[in-house]
Amino acid sequence: MGGRPINPGERFGNLEAVEKFQRKAGARVRSFWLCRCDCGHMHESDSGNLRSGNTRWCKSCASAFKSSHRRVHGCSTGASSDGRATKEYNTWLSMRRRCNDPRDKRFADYGGRGITVCDAWADSFEAFVQDIGLAPSLDHQIDRIDNSKGYSPENCRWATRKEQGNNKRNNRRLTICGVEGTLGDWAEVSGIASSTLARRVRYGWQGEQLLAPVLGTGRRPSRVRSPLGEFGSVQACAKAHGRGLTWVYDQLRKGEADWSLLEETE
């Protein structure tokens with residue numbers, strides 16, 4: 001496939017284009033350039049790699065650069081016991097990728113909505129580690145304290161997945177008795193499942209009502225009396241009306257006429 005033309009003397013990183021030639025590659029004929037590296041070596045590269053920036057040095061200089069880059073912080077490939085890069089280095093790479101690379105699947109939620117990496121961290125892994133420190137454990141992830149702002153020393157910390165979950169921008173926050181917390185916080189405090197609390201919020205429950213004991217959690221089912229005179233378990237009344245349990249609970253919450261919740265039997 002074609003691309004913008006390359007002219008002799010044009011520079012690509014440390015390489016200067018000298019002479020164009022063609023070479024057969026399989027069933028195709030591709031264009032290559034003979035380039036002169038700043039170190040004096042000649043290097044051959046196809047036109048596409050020069051245009052994209054994939055090729056910027058001769059082989060000798062590229063190898064020297066990669067080696068020196070690894071030695072700077074010792075955290076890239078081969079640094080950990082399993083031969084992989086360290087958690088901190090992978091975190092730094094991922095952070096930059098989701099903010100700067102439109103091809104990253106998470107770009108829309110980060111770079112696409114204006115989340116950036118500060119200048120100090122953009123090109124320096126060493127500055128990133130110096131500012132934020134090493135991850136306390138493998139379970140910790142980088143977390144932005146204010147989700148509307150970018151990655152910077154004053155806005156980032158290491159946090160567990162649970163702490164990150166409580167800090168999501170789409171989190172539902174509840175205020176009960178003057179105290180604000182996430183739905184997950186209140187679920188942990190009350191012992192009521194977060195799904196139950198979410199359903200109660202959806203039905204319009206407010207304040208202390210949200211933390212009321214869950215119906216039917218005793219040794220025997222809670223008893224209700226319906227407008228039609230049925231008296232029995234929530235399940236039985238729901239069946240008599242041809243409805244689900246949620247519908248009965250909703251009638252009780254709304255205080256509909258003659259619906260009443262009686263004390264659980266001993």
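Order the peptides 147-160, 18-31 from the highest to the lowest mean number of other Cβ atoms within 10 Å of their residues.
Order by mean packing, descending: 147-160, 18-31.
Take Arg161 and Glu126, extend 7 Å from each Cα along the Cα→Cβ direction, and tell me the distance between the two endpoints in nm.
3.5
Just from the alpha-carbon atoms, what are the Rg and Dmax of segment 87-158 in angstroms?
Final numbers for Rg and Dmax: 11.4, 31 Å.
How much length, in nm to one decimal, is gained on full extension between Asp119 and Ala212, taken as 0.36 nm per residue of separation minus their Cα-Cα distance?
Residue separation times 0.36 nm, minus the Cα-Cα distance, leaves 28.5 nm.
Given the pairs Lys20/Lys105; Lys20/Lys59; Lys87/Lys149; Lys24/Lys59, which span a C-alpha to C-alpha distance of over 30 angstrom in this model?
Beyond 30 Å: Lys20/Lys105.
What FRET efficiency comes out for the pair Lys105/Ala240, r = Cβ-Cβ distance, R0 = 45 Å, nearest 0.05?
With a Förster radius of 45 Å, E is 0.35.
Bear in mind these aren't lab numbers, they're just calculated from the coordinates by the rules spelled out. In this text, all values refer to a predicted model and were calculated from it rather than measured experimentally. Virtual Cβ from ideal backbone geometry, glycine too; neighbours counted across all protein chains shown.
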